[in-house]
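**Student:** Sharing a structure below in structure tokens format, with a few things to ask.
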Amino acid sequence: MSENRYELNKNLAQMLKGGVIMDVTTPEQARIAEAAGACAVMALERIPADIRAAGGVSRMSDPKMIKGIQEAVSIPVMAKCRIGHFAEAQILQAIEIDYIDESEVLSPADDKYHIDKTKFDVPFVCGAKDLGEALRRINEGAAMIRTKGEPGTGDVVQAVRHMRMMQSEIRRIGSMSEDELFDAAKLLQVPYELVLYVHEHKKLPVVNFAAGGVATPADAALMMQLGAEGVFVGSGIFKSGNPEKRAAAIVKAVTNFTDAKLLAELSEDLGEAMVGINEQEIELLMAERGK
Amino acid sequence: MQIAVLAVQGAFIEHEYMLSRLGVESFELRQKSDLDKPFDGLIIPGGESTVQGKLIRELDMFDTLKSRISDGLPVFGTCAGLILLAKEIKNDSRVHLASMDITAVRNAYGRQLGSFFTEGFFKGVGKIPMTFIRAPFIESVRGDVEVLATCGGNIVAARQKNQLVTSFHSELNDDLSVHKYFLDMIGR
């Protein structure tokens, strides 16, 4: 991947900012998401809540199903491959996906190595729990970062924990003296240049979204106020009582995330939210996959 | 001078940063009440035109923006902004502010693998960097629309009186010349 291509890939993430990326499993859901104001859709066979319920090995989706969604909408289409599964990523690149999510939601294919994303022309987004993970993924070629959160739970606690951790580490690096940065790079297990970038710019070198457990307009506003540049909503929309209305409300909440009066209006009459499961009730912590 | 940057979705901060480098003040338009503040020019940034078009309607900003543009408010639209201003969109039945006599093609270069960087001539400015991200182009212009730049035979920048559009993102490169061109239109 040329330097130029990496810039273009980071640029696409910049265009998604202030927007909501929604998980969809059918062309029909993709059209609903686009009409509700999604800035991109994530095409996958099963949303995380169902992956969690079904158990077993969860893999990249059928390319035919992804192509059906590409044809249904005009906004960017993303799809997930397993951590370390570069062959799945090659297949997704071959069907001209707009963004690949190397995702802990699927079963990891490699328990040591992530994909060398610098070998690809299409962009990658990766999950991270803290600054070290984020910068390691960026060093491997990720053009966008999202919190891992805990997918498919409807419980926002982990996304909050990850976003707070990242922001607090960014503030800490930002306030260091320059001669402390070398040691910080060593402790984070990342190249010095990336730490220097964070020190100088007080932000990640790529766009950073919130993901995992976002289920309500208030959840989305919370993540935006904590520093997210946009939001992924997975199971929260199509596992709820009124997907169209909830999706549109979350989109508006992300645009006006500090206007509590508007957020109150948006939160009215949304029907049933996804039931959700608490962090303590789940056996499988997807966020612990890939570090 | 005060520039309003439509900030319902997309790369609006990048435009604000360019303006601050030029020493010009700006503020964000996120909802109807923001339109009460005085401003001398409007920037519609890159992002997704489907999202921005929907939000300016639902947040009740559409009518004010449309009438201010037709009253002569200087406006600069990049990428999605170009789509919002186009009177016709070849591959989309839905139009938005529809104030400029151009026919645009959405995602004219295909998906993200079709995104590219190049340098090209911009009329009256010279050679400038041009970053195209899932970009549109202008298939045809009518009336008093002036073509300002082409790329591979397609129109990628144009002006009609108070309206300036580019299908590339001048806010993503260091070069300030297109933003300066827009500020000159306002007449500083």
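The values are calculated or read from the model by the stated rules, or taken from the named source; none is laboratory data. Fair warning: this is a prediction, and the values are worked out from it, not measured in the lab. Note that each Cβ is placed from the backbone with ideal geometry, even for glycine, and that neighbours are counted across all protein chains shown. Accessible surface areas use protein heavy atoms only, side chains included; no ligands, DNA or RNA. Shrake-Rupley method; radii C 1.70, N 1.55, O 1.52, S 1.80 Å.
**Student:** Out of all the residues in segment B:1-11, is one or more surrounded by fewer than 23 Cβ atoms within 10 Å (Cβ to Cβ), at pLDDT below 95 and touching a Leu at 6+ places or on another chain (Cβ under 9 Å)?
**Tutor:** Yes, the conditions are met somewhere in segment B:1-11.
**Student:** (1) under 18 Å from B:Y181 (Cα atoms); (2) more than 13 Å from every other protein chain (Cβ to nearest Cβ): which one isn't true of B:C79, the others all being true?
**Tutor:** Going through the list (1) under 18 Å from B:Y181 (Cα atoms); (2) more than 13 Å from every other protein chain (Cβ to nearest Cβ), B:C79 breaks only (2).
**Student:** Being over 21 Å from B:D92 (Cβ atoms) and touching a helix residue (DSSP H, G or I) at 6+ places or on another chain (Cβ under 7 Å) narrows it down to one residue among A:A49, A:A54, A:A33, A:A13; which is it? Let's see the steps before the verdict.
**Tutor:** Working: A:A54 fails: touching a helix residue (DSSP H, G or I) at 6+ places or on another chain (Cβ under 7 Å); A:A33 fails: over 21 Å from B:D92 (Cβ atoms); A:A13 fails: touching a helix residue (DSSP H, G or I) at 6+ places or on another chain (Cβ under 7 Å).
Just a single option satisfies the conditions, and that option is A:A49.
**Student:** Considering only segment A:1-33, state which residues are surrounded by 24 or more Cβ atoms within 10 Å (Cβ to Cβ) and more than 26 Å from B:D174 (Cα to Cα).
**Tutor:** A:V20, A:I21, A:M22, A:D23, A:V24, A:A30, A:A33
**Student:** Could you tell me which of the residues A:A87, A:A43 is free of Cβ contacts under 8 Å to residues at least 24 places away in the same chain, more than 8 Å from every other protein chain (Cβ to nearest Cβ) and touching a strand residue (DSSP E or B) at 6+ places or on another chain (Cβ under 9 Å)? Walk me through how you get there before you give the answer.
**Tutor:** On the way: A:A43 fails: free of Cβ contacts under 8 Å to residues at least 24 places away in the same chain.
Going through A:A87, A:A43 in turn, just one is free of Cβ contacts under 8 Å to residues at least 24 places away in the same chain, more than 8 Å from every other protein chain (Cβ to nearest Cβ) and touching a strand residue (DSSP E or B) at 6+ places or on another chain (Cβ under 9 Å): A:A87.
**Student:** Against the conditions (1) hydrophobic (A, V, I, L, M, F, W, C); (2) open to solvent by less than 20 Å² (accessible area, probe 1.4 Å); (3) outside any helix (DSSP H, G or I), where does A:L181 fall short? Just the number, please.
**Tutor:** (3)
A quick yes/no check of all residues on (1) open to solvent by 20 Å² or more (accessible area, probe 1.4 Å); (2) within 14 Å of chain A (Cβ to nearest Cβ); (3) more than 14 Å from the chain's Cα centre (by Cα):
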residue	(1), (2), (3)
B:R111	yes, yes, yes
B:F122	no, no, yes
B:R134	no, yes, yes
B:A157	no, no, no
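**Student:** Could you please give the count of residues in segment A:34-57 that are farther than 15 Å from A:A248 by Cβ, surrounded by fewer than 21 Cβ atoms within 10 Å (Cβ to Cβ) and of a type outside the set (K, R)? If you could, list the steps in order and put the result at the bottom.
**Tutor:** Residues of segment A:34-57 that are farther than 15 Å from A:A248 by Cβ, as a first pass: A:40, A:42-57.
The next check asks that each one be surrounded by fewer than 21 Cβ atoms within 10 Å (Cβ to Cβ); those that pass are A:45-46, A:50, A:53-57.
Narrowing further to those that are of a type outside the set (K, R): A:45, A:50, A:53-57.
The total comes to 7.
**Student:** Let me ask something else about it. Counting only residues that are within 11 Å of chain B (Cβ to nearest Cβ) and of a type in the set (S, T, Y), how many does segment A:235-270 have?
**Tutor:** 2
**Student:** Being closer than 21 Å to A:G149 by Cβ and in a loop (DSSP other than H, G, I, E, B) is the filter; apply it to segment A:250-271 and report the residue that is modelled with the lowest pLDDT.
**Tutor:** Going through the qualifying residues, I end up with A:L270.
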